[in-house]
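First the structure, in the form of structure tokens, and then the observations on it.
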Amino acid sequence: MAEEPLKSFLDPQVAARLMRLPLQARRPMAGTMSGQHKSPHRGSSVEFAEYRKYATGDDIRRLDWRVLARSDRYYMKEYEAETNLRCHVILDCSGSMKFGENKSGHESKLDYGRRLAATLAYLSMQQGDAVGFHAVGAEVVKEIPAKRNPAHLRNIFELMNELQPQGPTGLVAGLHELAEKIRQRALVIVISDFFCPLSPLKEALQHLEFKKHDLAVFQVLNRAEIDFSFDRPIRFQDLESHFHLVTEPGTIRDRYLNAFNEHNEGLRHECAQFKADYRRVVTDESYEESLAEFLLDRGGGH
Amino acid sequence: MSFLQPWVLFALPLAFLPVVIHLLNRMRHRPMDWGGMMFLISATRESTRHAELRQWLILACRCLALLGLILALSRPLGGGWWNSGKPDTVILMLDRSASMEATAENQTASRRENALESFQAAAAPFKGSTRFLLLDSTARSPLELADLDFLTKLEQSRATDTAADIPAMFRAAAEWIRRGGPGSVELWLATDLQRSNFRPESELWTTAMTELASLPQGVRVRLLALDGPPAPDRSVEFSEVTRRDLNGKSSLELALKISSQGVGSTEVPLTFNLGGSSRQVDVEVTGSSLLHRMSESLPDQAEGGWGFVQLPSDGNSRNNFSGVVFSKSQQLEAGVFVSEEKDHRLLLLAAAPLPEKIPQKSRILTTENLTALEGSTLALLIWQAPLPKGAIQESLTGYVTAGGQILFLPPGAEDAGAVAGLGWGEVLANEENPASAGTWNEVEGPLAKTQQGLNLPVDDLRFLRWQKINGEGEVLARLGREEGLIVRKTLGRGAIYFCATRPSRDWSNLGQGSVLVPMLQRLMQEGGKRLQGNLNIRCGEPLPGGPMREWISLDAPAKKNPKVDSGIYRSGDLLVAVNRPTLEDETDTLEISAAVKAFGELPIQVFDQEKSGGVARQSEWWKIFLFFMALFLVVEGWLALPVRGKEAGREERSSAKEKEPVAG
């Protein structure tokens with residue numbers, strides 16, 4: 001029973017292909033274990049970092065004896081520290097993420113987000129990083145703290161499986177809450193459609209950036225939302241409330257696309273401003289390609 | 001504003017069809033769960049400002065386009081700035097009667113030719129903007145004129161020997177306007193105002209003028225009166241043609257009426273042609289009218305034949321010819337059907353007074369004889385009995401329709417029956433002071449004057465008893481001032497006559513014979529025409545043998561049309577003499593003022609005079625509405641066009657930005 005969610009969210013072949021591309025943090029991470037990521041502290045890796053003058057109390061084992069012999073000065077030789085990272089995957093499970101789901105088997109934005117989240121969690125776990133998962137609806141619905149235990153992955157998948165998209169978007173509040181809650185520097189990956197006002201979202205992103213988290217954003221959209229190519233009058237029923245609107249799509253298409261594209265451009269701009277890695281994914285496109293591009297952009301190809 | 005096809009306005013609610021379709025469209029919306037409601041709300045809010053206004057404008061344009069189409073189809077009429085002052089349609093009404101071929105004094109062109117020239121000159125300013133039609137007095141059916149330059153060359157505008165019925169022409173024009181429904185119409189009438197053609201007393205005038213006045217277009221009339229003094233002219237016609245078969249010898253008694261106008265006494269060289277053999281007869285013509293009698297002996301074996309007389313060319317070339325066709329000798333028969341024996345001898349004798357000299361006979365009819373009258377050789381049936389009913393009445397009606405004549409005499413008792421709407425009323429008597437005839441028709445009918453112009457002694461008749469005639473018919477003679485003495489009702493080619501009294505002594509002195517004999521003889525002659533294969537008809541009357549026959553002219557080598565040209569024509573066994581109507585020779589014309597009165601309230605303008613009577617000329621406005629419809633459709637199409645330029649630009653920008661790597 002426990003394997004079912006794993007199978008449904010994670011394609012082993014996709015995961016196997018993507019494992020060649022490590023998930024790297026752009027910022028130094030403050031991990032407790034040694035790993036593949038840069039640490040803000042000096043450590044004991046083989047990669048030389050810098051020299052500094054000896055100070056009382058320093059470990060004399062790191063004293064550069066050759067420099068002392070040549071110049072009769074005391075210099076300490078420092079090396080880069082490499083540590084593991086904490087990867088926090090935040091998945092929006094508000095009502096709007098239900099869009100796209102229908103009886104003919106098309107998956108919703110939440111399903112697509114689950115695939116992204118599961119694959120990223122798996123990849124992260126495989127390279128020895130700790131992975132935490134947070135489902136955000138009207139508020140932070142459920143969360144699993146970051147751990148690096150492989151069995152922990154199963155818990156994450158089980159939690160993903162239980163998620164039901166409903167209620168209004170509480171992404172902004174959830175991000176603020178998580179910014180405070182995640183104490184150490186971490187890679188924060190937000191998967192959402194970001195259908196919320198930009199101004200408060202900007203503040204939430206700023207909050208995460210202020211806490212020195214490495215931020216990555218996946219905006220999940222459906223093709224129908226992008227094209228809005230309907231020809232008949234439609235009664236649009238809001239997935240996050242009881243509000244409905246009957247309109248002739250042809251008459252408002254231009255305005256809709258205007259507002260929609262403006263919002264997305266704004267989001268992209270804000271992400272760039274806060275050095276967040278923005279990526280727009282569409283549910284009818286391959287998530288593998290999106291993830292591969294994401295990993296390559298983050299330096300996985302080096 | 002009035003409309004030529006107002007019933008189309010019932011379709012006005014269809015103008016709201018786009019609104020209904022829009023509402024129906026909205027009603028058949030499909031539900032859809034939607035995530036990005038914030039964008040929809042934003043778009044809807046914006047659309048209230050621009051897009052919604054645009055949508056309303058599109059809807060309004062569609063409604064207005066439909067409204068324009070419906071209004072255009074209803075063919076509205078109006079005046080004002082749109083009216084160019086020119087009529088939409090002009091119907092040229094041309095009197096093509098024989099009298100129109102008279103030339104004016106010191107001119108060579110006929111009145112008809114002058115009329116056509118005047119039409120062309122008057123129509124010149126309207127060329128290109130006005131539709132012209134020709135309605136001639138012969139066909140009385142408007143003919144579209146593509147080019148007025150060919151007006152004089154048309155078959156429909158050439159000279160004819162017919163008479164014209166001016167009020168009937170207006171009736172035809174009114175009917176065409178009502179059915180064809182043009183915009184503003186002017187009727188241009190060219191006529192010589194001949195009284196017999198104009199018929200100012202005809203009830204058709206009232207009907208036609210009422211109909212024209214009720215048309216929404218506002219019809220105007222322009223009158224071109226060609227009533228100037230004519231050039232000197234003479235006309236000729238056979239006023240009487242009788243074949244005498246007496247004692248085995250046949251002769252043709254001819255009476256030629258020669259009328260003169262503006263010509264002094266002179267000897268006229270007449271060309272007389274009998275069966276193709278021509279000779280000249282010089283006749284001394286004095287006064288305005290002359291009756292010249294001729295007697296031509298016919299070969300014994302002569303079956304029948306034809307002849308014509310022709311005058312030399314003068315002021316009117318169309319009244320110089322008169323033709324005649326005579327049949328073989330034929331015995332005429334009269335039948336008498338009486339309920340009382342005492343009158344039948346008198347009637348039999350009056351119908352065939354000299355059977356040994358003149359081929360006539362009379363006999364008593366029984367009820368058995370009455371069922372198959374149509375195929376019989378009877379020229380006249382005298383009926384003195386209660387009116388027939390059922391099969392007998394049907395047989396009698398068929399006989400009359402085929403050309404037979406029936407004279408009904410009073411049965412002596414009130415009769416509830418009727419024949420062709422005529423019946424008998426109460427029997428009246430005044431033995432102490434016998435009634436006498438008041439007025440009677442001296443021109444034509446059984447009591448007309450003799451060929452010598454003498455009156456029948458109708459004044460001498462005294463009536464002790466008479467029976468009232470019920471129903472409507474043509475009264476040929478009256479008792480006193482009111483009651484009908486002889487009433488005629490025409491049925492098909494024949495006629496029935498009701499005479500209010502009997503020839504017996506206890507009813508009247510009609511039995512003395514001085515009136516009764518010529519009356520019955522004339523009725524027999526009239527009825528005898530039914531049995532003749534040869535016919536003398538007037539131009540314009542239907543030709544015998546049906547319309548598909550081909551006729552060959554015998555009097556002239558040129559091809560002629562027997563419907564409109566006088567002459568002698570043969571078609572197979574049929575021989576026909578076609579002459580112009582007698583009334584065409586009359587010189588009595590109307591004053592213009594009298595003619596104008598016939599048009600009643602209809603605005604009329606005499607050519608070369610100021611317009612009389614104002615009427616707001618109504619022009620058709622359908623072109624305006626069609627233009628607006630097209631305009632609204634163009635605007636609607638422009639509004640409905642998607643703003644492709646903007647969209648394309650936006651899409652390009654967004655795709656370019658997507659390709660840019662985002663700094664992380």
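Read-outs: derived from the displayed coordinates by stated rules, not from any lab. Quantities reported herein were computed from a predicted structural model and do not represent experimental measurements. Cβ coordinates were reconstructed from backbone atoms using ideal geometry, including for glycine residues, and neighbour counts include every protein chain displayed.
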Select from B:I496, B:A420, A:G132 the residue farthest towards the positive end of the dipole of the protein assembly as shown; place +1 on Cβ of Lys and Arg, -1 on Cβ of Asp and Glu, and compute about the Cα centre. A:G132
Would you kindly derive the ³J(HN,Hα) couplings of segment B:398-409 from the backbone phi angles with the Karplus curve 6.51 cos²θ - 1.76 cosθ + 1.60 (θ = phi - 60°), listing them in order in whole Hz, with x for Gly and Pro? x, 4, 5, 4, 7, x, x, 10, 10, 10, 9, 10
Fraction of antiparallel bridges per DSSP, the protein assembly as shown only, in percent to nearest 5: 60
For A:K147, what is the net charge nearby, where nearby means another residue's Cβ is under 13 Å from its Cβ and Lys, Arg count +1, Asp, Glu -1? +1
Residues meeting the amide H criterion for B:F3 (H placed from the backbone, H to H distance under 5 Å, 5 or more places apart or on another chain) are B:L77
Here the whole-number average of other chain Cβ atoms within 10 Å per Cβ of A:226-238 is 4
Per residue of A:265-276, what is the mean number of Cβ atoms on other protein chains within 10 angstrom of that residue's Cβ? 2
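Consider all pairwise Cα distances in chain B and report the whole-number % of them above 43 Å.
Counting pairs separated by more than 43 Å, the tail of P(r) holds 46 percent.
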Given +1 on the Cβ of Lys and Arg, -1 on the Cβ of Asp and Glu, and no further charges, what dipole in debye does chain B carry about its Cα centre, rounded to the nearest 20? 2580
Rounded to one decimal in Å, the inverse mean reciprocal Cα-Cα distance for segment B:462-600, i.e. its Kirkwood radius, is 19.0
Toward the positive end of the charge dipole of the protein assembly as shown, about the Cα centre and with charges on Cβ (Lys, Arg +1; Asp, Glu -1), which of B:N106, B:L204, B:W507 goes farthest? B:L204
For segment B:35-45, 3J(HN,Hα) per residue [Karplus equation, 6.51 cos²θ - 1.76 cosθ + 1.60, θ = phi - 60°, Hz, x = Gly/Pro]: x, x, 5, 4, 6, 5, 5, 4, 5, 5, 4
Can you give me the angle between helix B:644-659 and the longest principal axis of chain B, using Cα atoms only, in degrees from 0 to 90, rounded to the nearest 10? 30
In whole percent, what relative contact order does chain B give with Cα contacts below 8 Å and a gap of six or more residues? 16
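Just for chain B, what percent of DSSP beta bridges are antiparallel, to the closest 5?
Antiparallel: roughly 65 percent of the beta bridges in chain B.
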Please give the helix B:166-180 orientation as an angle from the longest Cα principal axis of chain B, in degrees from 0 to 90, rounded to the nearest 10. 30
Note to self, the protein assembly as shown gives a 222 nm [θ] from helices alone (DSSP H runs n ≥ 4, -39500 (n - 2.57) apiece, / all residues, nearest 500) of -9000 deg cm²/dmol
Net +/- balance of residues flanking B:V578 in space, Cβ distance below 11 Å, scoring K and R +1, D and E -1: 0
Return the long-range amide H neighbours of B:V283 (sequence gap of 5 or more, or a different chain), with a cut-off of under 5 Å between placed amide H atoms. B:V268, B:L270
So B:R195 and B:L23, fully extended at 0.36 nm per residue minus their Cα-Cα distance, gain in nm 55.1 nm
Amide H of B:S289 versus every other amide H placed in the peptide plane: which residues, excluding those fewer than 5 positions away on the same chain, fall under 5 Å? B:S260
Around A:W65 (Cβ within 13 Å, Cβ-to-Cβ, excluding A:W65; K/R +1, D/E -1) the net charge comes to +4
Taking the Cα of B:A124, stepping 7 Å toward and past its beta carbon, and measuring to each backbone N in segment B:206-247: which are under 19 Å? B:224
Say each of B:D149 and B:D415 gets a label point 7 Å from the Cα, pointing the same way as Cα to Cβ; how far apart are those two points in nm? 6.8
Quickly work out the B:A255-to-B:E426 label distance, labels modelled 7 Å from Cα along the C-beta direction, and quote it in nm with one decimal. 4.2
Cross-link pairs B:K449/B:K489; A:K98/A:K275; B:K257/B:K489; B:K328/B:K489; A:K98/A:K211; B:K529/B:K563 - those with Cα-Cα distance over 25 Å: A:K98/A:K275; B:K257/B:K489; B:K328/B:K489; A:K98/A:K211
Do me a favour and compute the ellipsoid semi-axes for segment A:192-279 from its Cα gyration tensor, root of five times each eigenvalue, largest one first, whole Å. 30, 13, 10
So if I place +1 on the C-beta of Lys and Arg and -1 on the C-beta of Asp and Glu, and nothing else carries charge, what would the dipole magnitude of the protein assembly as shown be about its Cα centre? I want it in debye, nearest 20. 4020
Dimensions in Å of the protein assembly as shown - Rg and Dmax from alpha carbons: 57.2, 187
Under the Karplus curve 6.51 cos²θ - 1.76 cosθ + 1.60, θ = phi - 60°, whole-Hz ³J(HN,Hα) for segment A:240-247, x wherever Gly or Pro sits: 10, 8, 8, 5, 9, 9, 9, 8
